[in-house]
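Notes follow the structure.
The values are calculated or read from the model by the stated rules, or taken from the named source; none is laboratory data. Remember, it's a predicted structure, so these values are computed and weren't measured experimentally. We place every Cβ from the backbone using ideal geometry, glycine too, and count neighbours over all the protein chains shown. Side chains included, ligands, DNA and RNA excluded: accessible areas come from the protein's heavy atoms. Shrake-Rupley method; radii C 1.70, N 1.55, O 1.52, S 1.80 Å.
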Amino acid sequence: MRLLRLMRRTRTTGALLLTGAVTVLAAAGPARAQEYRYWAFWDGSDRGSWTYATQGPATVRPADGAVEGFRFTVSADSAAAGRPRAAADFDAICRATPAEKGRKRIGVVIDFGTAADAPGGARPPKARTACAQVSEDASAGEALAAVARPLRYDSNALLCAIAGYPAAGCADQVGGADGAKEPGAPKDADGSERDGDGGPSAGLLGGVAAVVVLGGAAVWQARRRRG
């Protein structure tokens, strides 16, 4: 009977802790996702489709025959980012570039986005493809530089402009709470995504779960010592 009463009290305490945690999350509330205008970086697949890159172009070192894509887009996260509208077709891009010993060929697709994505009414250039023939240890960023200069980076090594587009700005916020455009960055220098949705993070949810579990354990230990 004592054990049964203890289990009931432990469940009650855990429920109170969970209720308090949920109240904190509800108070935080979901916020509108902040959008950025930036160059999204994509890896091409053998089937010609695109996958959002998990690293930045400065750290990815593609193999010979790879295709890397860059799309100027406006989005809050990778799920909403615009993909390059041309296929990741290495044969089509590099068929006129013969293989060369000691070097590799990388297909590069550059999509400057739409007029709706352009900053300040700028007119985006036409999309282009190019075959970069670079050293065997070259990064995707070096392959891009070989075919689409000038490139512009900020002090955190974030890619701001390709072939001079856009002329100014770097990962600017779009449509903020006050309607102003403020500097921002959808990715850190190493290419990792930043959390920009303003809602509860996975870390916060994990912390709440830990509080509930540890709280229940503490009650159990206290009751056990008393018994």
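Kindly evaluate GLU68 against the criterion of being open to solvent by 40 Å² or more (accessible area, probe 1.4 Å), within 17 Å of GLN133 (Cα to Cα), more than 13 Å from the chain's Cα centre (by Cα) and not aromatic (Phe, Trp, Tyr).
Numbers: open to solvent by 40 Å² or more (accessible area, probe 1.4 Å): no; within 17 Å of GLN133 (Cα to Cα): yes; more than 13 Å from the chain's Cα centre (by Cα): yes; not aromatic (Phe, Trp, Tyr): yes.
So GLU68 does not fit the description; no.
Of all residues in the stretch 158-189, those that are part of a strand (DSSP E or B), out of contact with any Lys or Arg (no Cβ under 7 Å at 6 or more places or on another chain) and at pLDDT 95 or above total 3.
Candidates are the residues of the stretch 45-69 that are touching a residue at least 40 places away in the same chain (Cβ under 8 Å) and touching a Pro at 6+ places or on another chain (Cβ under 7 Å); the one that is nearest to ARG85 (Cα to Cα) is GLY69. Is one or more of the residues making up the stretch 77-89 open to solvent by 70 Å² or more (accessible area, probe 1.4 Å), at pLDDT 95 or above, in contact with a helix residue (DSSP H, G or I) (Cβ under 8 Å, 6 or more places away or on another chain) and not aromatic (Phe, Trp, Tyr)? Scanning the stretch 77-89, I find no residue that is open to solvent by 70 Å² or more (accessible area, probe 1.4 Å), at pLDDT 95 or above, in contact with a helix residue (DSSP H, G or I) (Cβ under 8 Å, 6 or more places away or on another chain) and not aromatic (Phe, Trp, Tyr), so the answer is no. Filtering LEU17, LEU25, LEU3 for residues that are in a helix (DSSP H, G or I), buried (at least 16 other Cβ atoms within 10 Å of the Cβ) and either modelled with pLDDT of 95 or more or more than 13 Å from the chain's Cα centre (by Cα) (or both) leaves a single hit, LEU17.
Restricting the stretch 109-124 to residues that are in contact (Cβ under 8 Å) with a residue 40 or more places away in the chain and assigned to a loop (DSSP other than H, G, I, E, B), the residue that is farthest from the chain's Cα centre (by Cα) is ALA122. Quick one: in the stretch 95-124, which of the residues that are of a type outside the set (D, E, K, R) and within 19 Å of ASP43 (Cα to Cα) is surrounded by the most Cβ atoms within 10 Å (Cβ to Cβ)? In this case the residue turns out to be ILE106. Are there any pairs with C-beta distances below 8 angstrom linking a residue in the stretch 78-101 that is in contact (Cβ under 8 Å) with a residue 12 or more places away in the chain and closer than 18 Å to LEU144 by Cβ to a residue that is of a type in the set (A, V, I, L, M) and surrounded by fewer than 19 Cβ atoms within 10 Å (Cβ to Cβ), with the two at least 6 apart or on different chains, and if so which? Pairs found: PRO84/ALA127; ARG85/ALA127; ALA86/ALA127; ILE93/ALA130. Taking the criterion of being open to solvent by 10 Å² or more (accessible area, probe 1.4 Å) and not in a strand (DSSP E or B), the residues of the stretch 125-138 that qualify are PRO125, LYS126, ALA127, GLU136, ASP137. Residues that are free of Cβ contacts under 8 Å to residues at least 60 places away in the same chain and farther than 16 Å from GLY69 by Cα within the stretch 148-157 comprise PRO150, ARG152, TYR153, ASP154, SER155, ASN156, listed in sequence order.
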